Amino acid sequence: LGPGREGAAIVAGLALLYAPRPQTGLAGPPAEWSFPAELHIEPLPLKPDEVEWLTRDGAESANRFQFEWQGLSGSAILITSRTWRAHHRPERCFEVYGLRLEDSRTVLMEPGFPARAVSLGDGAGRRVFSALYWFQSAAALTDDYGARLWADLSPQRQTWVLVSILFDDAPAADAPAVRGLALALRSAVAERLEGVTP
């Protein structure tokens, strides 16, 4: 092979390895979720720059809302996507909004249901918040962002949902109301993903 053919072969090889970002986006109507009646929600519409960011990164839907549940309150976002690019490590997002990461650890909501419990400060030592998140597909559930990334190496990508909850105060991750909320949201996501083509 001459230099020209060698270069063409390299370019052809790279073209085979390249996986373009899916052309999805948030153009469709908001996803419908089936939440228990006890979970009171108020939609928190995304800002135009947030929609643009999520669309660019391949989100199929993103739903943010305020909630009240068994004496707890806060906000949550559910981001549905077939690509890891639309999902992020929520700790970084909390820091962007001015909160300081104090602690991040895995907790079991129940066997086979790991979630990431995050403690956050306001940066001035005056207030502490807590958060909880996980990534969920029809076949798997993890609190490990690295595992979510690796899932995209599969030849057939699955639809995943990032569930991220920020509480208005700092309930313990093992508090019954926190566990109940996590189980309710996990069930809603499982129902939504049921029948979704992998």
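The values are calculated or read from the model by the stated rules, or taken from the named source; none is laboratory data. The structure displayed is predicted, hence computed values, not measured ones. So basically every Cβ, Gly included, is an ideal-geometry build from the backbone, and we count neighbours across all protein chains shown. These accessible areas exclude ligands, DNA and RNA; they are computed on the full protein's heavy atoms, side chains included. Shrake-Rupley method; radii C 1.70, N 1.55, O 1.52, S 1.80 Å.
Tell me the Kirkwood radius of the stretch 77-198: reciprocal of the mean inverse pair distance over distinct alpha-carbon atoms, in Å.
Averaging 1/r across every pair of different Cα atoms and inverting gives 14.9 Å.
State in Å² the accessible area per residue of the stretch 106-198; use a 1.4 Å probe, count heavy atoms of protein chains only, and round to the nearest integer.
45 Å²
If r is the Cβ-Cβ distance from S73 to S187 and R0 is 22 Å, what FRET efficiency results, to the nearest 0.05?
Calculated value: 0.60.
Taking R0 as 25 Å, what FRET efficiency do you get between A175 and V96 from their Cβ-Cβ distance, rounded to the nearest 0.05?
With R0 = 25 Å, the Cβ-Cβ based efficiency is 0.40.
When the dipole is taken about the Cα centre of the stretch 22-180, and only Lys, Arg (+1) and Asp, Glu (-1) are charged at their Cβ, what size is it in debye, to the nearest 20?
Working: 15 positive and 21 negative charges, 82 e Å.
In total the dipole reaches around 400 debye.
Considering only protein heavy atoms and a 1.4 Å probe, what is the carbon-and-sulfur percentage of the accessible area of the stretch 23-131? Kindly include the intermediate steps, with their values, before the conclusion.
Working: 3190 of 6080 Å².
Carbon and sulfur: 52 percent of the exposed surface of the stretch 23-131.
At R85 and I41, where each label point lies 7 Å from the Cα along Cα→Cβ, what is the point-to-point distance in nanometres?
Placing both labels 7 Å along Cα→Cβ, they lie 2.7 nm apart.
Using only the alpha-carbon atoms of the stretch 122-169 as identical scatterers, what base-10 log of I(q)/I(0) does the Debye formula give at q = 0.13, 0.18, 0.27, 0.30 Å⁻¹?
So the normalised log intensities are -0.43, -0.63, -0.98, -1.12.
So how much slack lies between E32 and A140, counting 0.36 nm per residue of separation and subtracting their Cα-Cα distance, in nm?
Result for the pair: 36.8 nm of gain on full extension.
Taking the Cβ-Cβ separation of W150 and V128 as r and a Förster radius of 30 Å, what is the calculated FRET efficiency to the nearest 0.05?
With a Förster radius of 30 Å, E is 0.40.
How many nm separate the modelled label positions at Q158 and V51, each set 7 Å beyond the Cα in the direction of the Cβ?
With each label point 7 Å from Cα toward Cβ, the separation is 3.1 nm.
Nearest 20 debye, what's the magnitude of the dipole of the stretch 107-159 about its Cα centre given +1 on Lys and Arg Cβ and -1 on Asp and Glu Cβ?
160 debye
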